[in-house]
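In what follows, a single structure is set out as structure tokens and then discussed.
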Amino acid sequence: MGYFKIRDEKNDRAENYMRYADVFLPVPSEKAFTYEIPDDLSVTSGMRVKVKIYNRTVTGFVIRTHDNKPLTFEAKCISGVIDNDTVFGQKFIDLSIFVSDNYICGPGEFMEMAFPSGTRTGNRYKQPYEKNDYLFNLNPAQKKIYDDIIKHSSEGKNLNLLYGITGSGKTEIYIELAKETLRKNKSVIILVPEIALSSQIYQRLYNSFGDDLVLYHSNLSKNQRFANWVKFFKGDSKIAVGTRSGIFLQCSNLGLIIIDEEHDGSYKENSHPRYNARRIAFYRAKNEGALLLLGSATPSVESYYAADKGVLNLHKLLQRHNNAVLPEIEIIEIQSSKPESSLSPRLIVHTKEIIQKNLQAVYLLNRRGYSPVVMCPVCKEKAVCPNCSINLNMHNSNKLLCHYCGYEELHNSKCKHCGNDEMMLIGAGTQRIEEQIEKTFTGFRVMRLDQDSAGKKNVAEDLILKMNNGDIDLLLGTQMVAKGFDFKRIVLVGIIMADIGLNFPDFRATERVFSLLMQASGRCGRGDYPGKVFIQTLDSGNIIFELLKNHDYETFYKMEIEKRKELFYPPFSRIIRLVFRGLEESVVTKHAEKIAEILRNGISSDNVNNEIQILGPAPCPFSKIANNYRWHIILKSKKINGIKDIIKDFVSKQKNKNVYMEIDIDPVDIL
Ligand SMILES: [Zn+2]
Ligand SMILES: [Zn+2]
């Protein structure tokens, strides 16, 4: 590279032949890096290239080419190209700058995370389903909402929230809107929380759109993801269904983004950069002039507030589809959380009755494993993860497992502290309830669905087939059973222990439990038979049970929004959470204190009305995970641009190689 190259004009490959490329690299820097384009490579913007930085080879994303020789440094040469054609356009570059700015990361870091890492588009992907033509007509309530959305759109009001109760037929509206968008020759992105468990919605979309539909989620191979990315980018497919990262799919004319179950926590990424697909969808809808539709039976408090304030057009679908009615809900107060008494007599009687009629039941217990606490009855010590500040969970009667770092050991029933050779198992997870079910009911065909059983191949397909064929009587599981299932023969839902999660030290704890129980209840009574829900709780006086009984989301929302206002939580503030973690607690603490001081000094001048609150530093509720001590600082503010600048300009420059700092903008949990 140290010599001047003489160019042979005749060999120039194209008119747009340029000598330099500006490239975003996966490093925490906002700027683009300039590289020289060697004579034998054809490079244009929108391609990925291989380049060297600090002696390592990384993937670079070319954002422009030009002829301006850098004046202050000698540009290195591009080592090779990855793509022979453009695979992204200017909108992806704009998006990377938006994310960089909003989530404090390098645009190249974002691109590397958002772009599928595959390189070949060869093998054709076989759709996992058969296409069955699926014809329907919108009922009058659905049709009215469809018409309203189109009408608002023609007035330039493109952002919509569909609050539609469980079983009201939101999917039919999605499909009609998608068809209308395709008729205008525009592209559609539909996001769902999780593909495996959302197979039913996927099947229905597939029945309507067939091979025009591309799938996009992390269970595909990386080349398949890349192939689908390219197919959508080139417009060979105009409709995509994906999980969170599907929001990054690029196309020339985006017409519609649908986010189904918009309240779901899985739309938030939990590693750097910690984006929220919902927020990205707002940006893209505005930037690309697309229609946005968020849908849920339990909208997030933030989204409902936005609709209440007119930022989103609010549409309500409060009737179940096909004359089905909402289930009757009965609250059962239980006296203890002992596993032996986890199934109340009323629940048992009703379950027996419906299964004799060849109908189906769902039991929800939002806790996996056998038992969450293993305690010595003599010295009262509990089995704790050696790497985390968290109790070990008993699994399958002989394994102790940490749900946070994955640590496991064999359980030999001996207390490590006093040597007593019997340990008590306190509380129940799904495995233990499965055992109780087997003891209580004979001859029931039970299937358990939780993180431990869902890992096996084809679990979702198997489950859907068996539920539809009536080969399962009772489906037991964690929150997974509450998500989107639509089986017509489920007529009973039993919530085994409704209190789990209510006391989490997190301002969204109540909202999460309320929407989980409402969603779970919504799984029954969707067909010709009315449903019945039994909610077992230790504290039937809690107001949320009264609201659940009345299917009263809106009163819940009103109560919740008052609390948020009073405590200055979102949507009245935005939160930035800084988490510091490292192997030595004193080092972590000191660094967190130093950063807190920088922040307090940085904002004191323009914080006259106390509009910015800095909480901490303090140990995180989970103060040690995987041997890392964790401290955090929580910033609450009406507007966060000023704080983000302070973090970018001062905090990010305070490096400590023994302490890693996570920046979480709009965190979904603060544990
Ligand atoms: Zn002991
Ligand atoms: Zn652990």
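In the set Gly295, Gly289, which member is at positive phi and of a type in the set (Gly, Ala, Ser)? Talk me through it step by step, then tell me what you get.
Details: Gly295 fails: at positive phi.
Within the list Gly295, Gly289, the selection yields Gly289.
Given the residues Leu365, Leu425, which is the only one that is more than 16 Å from ligand 2 (Cβ to nearest atom) and open to solvent by 40 Å² or more (accessible area, probe 1.4 Å)?
Values: Leu365 fails: open to solvent by 40 Å² or more (accessible area, probe 1.4 Å).
Exactly one of Leu365, Leu425 is more than 16 Å from ligand 2 (Cβ to nearest atom) and open to solvent by 40 Å² or more (accessible area, probe 1.4 Å), namely Leu425.
Does the range 585-607 contain any residue that is surrounded by fewer than 16 Cβ atoms within 10 Å (Cβ to Cβ), more than 16 Å from ligand 1 (Cβ to nearest atom) and at positive phi?
Looking through the range 585-607, none of the residues is surrounded by fewer than 16 Cβ atoms within 10 Å (Cβ to Cβ), more than 16 Å from ligand 1 (Cβ to nearest atom) and at positive phi.
Just to confirm my filter: which helices (runs of 4 or more DSSP H) fall fully inside the range 512-613 and include at least 3 residues that are hydroxyl-bearing (Ser, Thr, Tyr) and modelled with pLDDT of 95 or more?
On the way: elements: 543-549, 553-566, 585-604.
By residue number, 553-566.
Modelled with pLDDT of 95 or more and crowded, with 21+ Cβ neighbours inside 10 Å: does that describe Phe98?
Values: modelled with pLDDT of 95 or more: yes; crowded, with 21+ Cβ neighbours inside 10 Å: no.
Taking the combined requirement at face value, the residue does not satisfy it.
Have a look at Asn287, Asn322 and point out the one that is open to solvent by 50 Å² or more (accessible area, probe 1.4 Å), under 20 Å from Gly169 (Cβ atoms) and in a helix (DSSP H, G or I). Walk me through how you get there before you give the answer.
Values: Asn287 fails: under 20 Å from Gly169 (Cβ atoms).
Result of the check over Asn287, Asn322: Asn322.
Provide a single number: the residues in the range 59-76 that are open to solvent by less than 50 Å² (accessible area, probe 1.4 Å) and either farther than 15 Å from Leu25 by Cβ or in contact with a Cys (Cβ under 9 Å, 6 or more places away or on another chain) (or both). Before you say what the answer is, go through the steps one by one.
The first filter runs over the range 59-76 and keeps only residues open to solvent by less than 50 Å² (accessible area, probe 1.4 Å), leaving 59-63, 65-66, 70, 75.
Checking the rest, the ones that are also either farther than 15 Å from Leu25 by Cβ or in contact with a Cys (Cβ under 9 Å, 6 or more places away or on another chain) (or both) come to 65-66, 70.
Result for the range 59-76: 3.
Which of (1) within 16 Å of ligand 2 (Cβ to nearest atom); (2) in a strand (DSSP E or B); (3) not hydroxyl-bearing (Ser, Thr, Tyr) is the odd one out, the single condition Ile332 does not satisfy?
(1)
Only strands (runs of 3 or more DSSP E) wholly contained in the range 389-489 count here; list those with 2 or more residues that are touching a Leu at 6+ places or on another chain (Cβ under 7 Å) and under 21 Å from Gly167 (Cα atoms).
Numbers: elements: 393-395, 399-401, 408-410, 424-426, 446-449, 474-477.
Of the strands (runs of 3 or more DSSP E) lying wholly inside the range 389-489, those with at least 2 residues that are touching a Leu at 6+ places or on another chain (Cβ under 7 Å) and under 21 Å from Gly167 (Cα atoms) span 474-477.
Take the conditions open to solvent by 30 Å² or more (accessible area, probe 1.4 Å), at negative phi and within 16 Å of ligand 1 (Cβ to nearest atom) and apply them to Cys379. Does it pass?
Yes; evaluated as a whole, the condition is true for this residue.
Restricting to the range 394-404, name every residue that is within 10 Å of ligand 2 (Cβ to nearest atom) and either closer than 16 Å to Asp450 by Cβ or touching a strand residue (DSSP E or B) at 6+ places or on another chain (Cβ under 6 Å) (or both).
From the range 394-404, those within 10 Å of ligand 2 (Cβ to nearest atom) are 401-404; that's our starting set.
Across the range 394-404, the qualifying residues are Leu401, His403, Tyr404.
Only residues in the range 366-379 that are of a type in the set (Gly, Ala, Ser) count as the first member; pair them with residues that are more than 16 Å from ligand 1 (Cβ to nearest atom) and open to solvent by 50 Å² or more (accessible area, probe 1.4 Å), Cβ under 8 angstrom, at least 6 apart or cross-chain, and list the lot.
These pairs meet every condition: Gly369/His403; Gly369/Asp452.
From the set of residues in the range 402-413 that are over 14 Å from Met424 (Cα atoms) and open to solvent by 20 Å² or more (accessible area, probe 1.4 Å), which is farthest from ligand 1 (Cβ to nearest atom)? Before you say what the answer is, go through the steps one by one.
Applying the first criterion (over 14 Å from Met424 (Cα atoms)) to the range 402-413 yields 402-410.
Keeping just the survivors that are open to solvent by 20 Å² or more (accessible area, probe 1.4 Å) gives 403-410.
Working: His403: 23, Tyr404: 24, Cys405: 24, Gly406: 25, Tyr407: 20, Glu408: 21, Glu409: 16, Leu410: 18 Å.
Step by step, filter the range 402-413, then rank; the result is Gly406.
Can you work out which of the residues in the range 372-393 that are away from ligand 2 (no atom under 11 Å from the Cβ) and within 29 Å of the chain's Cα centre (by Cα) is nearest to Asn420 (Cα to Cα)? Before the answer, list the steps.
Filtering the range 372-393 for residues away from ligand 2 (no atom under 11 Å from the Cβ) gives 372-383.
Of the ones still in play, those that are also within 29 Å of the chain's Cα centre (by Cα) are 372-373.
Numbers: Pro372: 20, Val373: 17 Å.
So the residue we want is Val373.
Please indicate, with yes or no, whether at least one residue in the range 449-471 is within 16 Å of ligand 2 (Cβ to nearest atom) and over 26 Å from the mean Cα position of the chain (by Cα).
Going residue by residue through the range 449-471, those that are within 16 Å of ligand 2 (Cβ to nearest atom) are 451.
Okay, now just the ones that are also over 26 Å from the mean Cα position of the chain (by Cα), so none.
Within the range 449-471, none of the residues are within 16 Å of ligand 2 (Cβ to nearest atom) and over 26 Å from the mean Cα position of the chain (by Cα).
What's the number of the condition Glu435 fails, among (1) more than 13 Å from Ser371 (Cβ to Cβ); (2) exposed (fewer than 15 other Cβ atoms within 10 Å of the Cβ)?
The single condition Glu435 does not satisfy is (1).
Surrounded by fewer than 20 Cβ atoms within 10 Å (Cβ to Cβ), touching a residue at least 40 places away in the same chain (Cβ under 8 Å) and of a type in the set (Lys, Arg), is that true of Lys179? Talk me through it step by step, then tell me what you get.
Values: surrounded by fewer than 20 Cβ atoms within 10 Å (Cβ to Cβ): yes; touching a residue at least 40 places away in the same chain (Cβ under 8 Å): no; of a type in the set (Lys, Arg): yes.
When the stated conditions are applied, Lys179 does not pass them.
For Thr440, which of the numbered conditions (1) farther than 29 Å from Met375 by Cα; (2) open to solvent by 40 Å² or more (accessible area, probe 1.4 Å); (3) in contact with a helix residue (DSSP H, G or I) (Cβ under 8 Å, 6 or more places away or on another chain) fails to hold?
(1)
The values are calculated or read from the model by the stated rules, or taken from the named source; none is laboratory data. All figures in this text were calculated on a predicted structure; none of them were measured in a lab. Neighbour counts run over all protein chains shown; Cβ positions are idealised from the backbone, glycine included. Quick note on the areas: whole protein, heavy atoms, side chains included, nothing else; ligands and nucleic acids left out. Shrake-Rupley method; radii C 1.70, N 1.55, O 1.52, S 1.80 Å.
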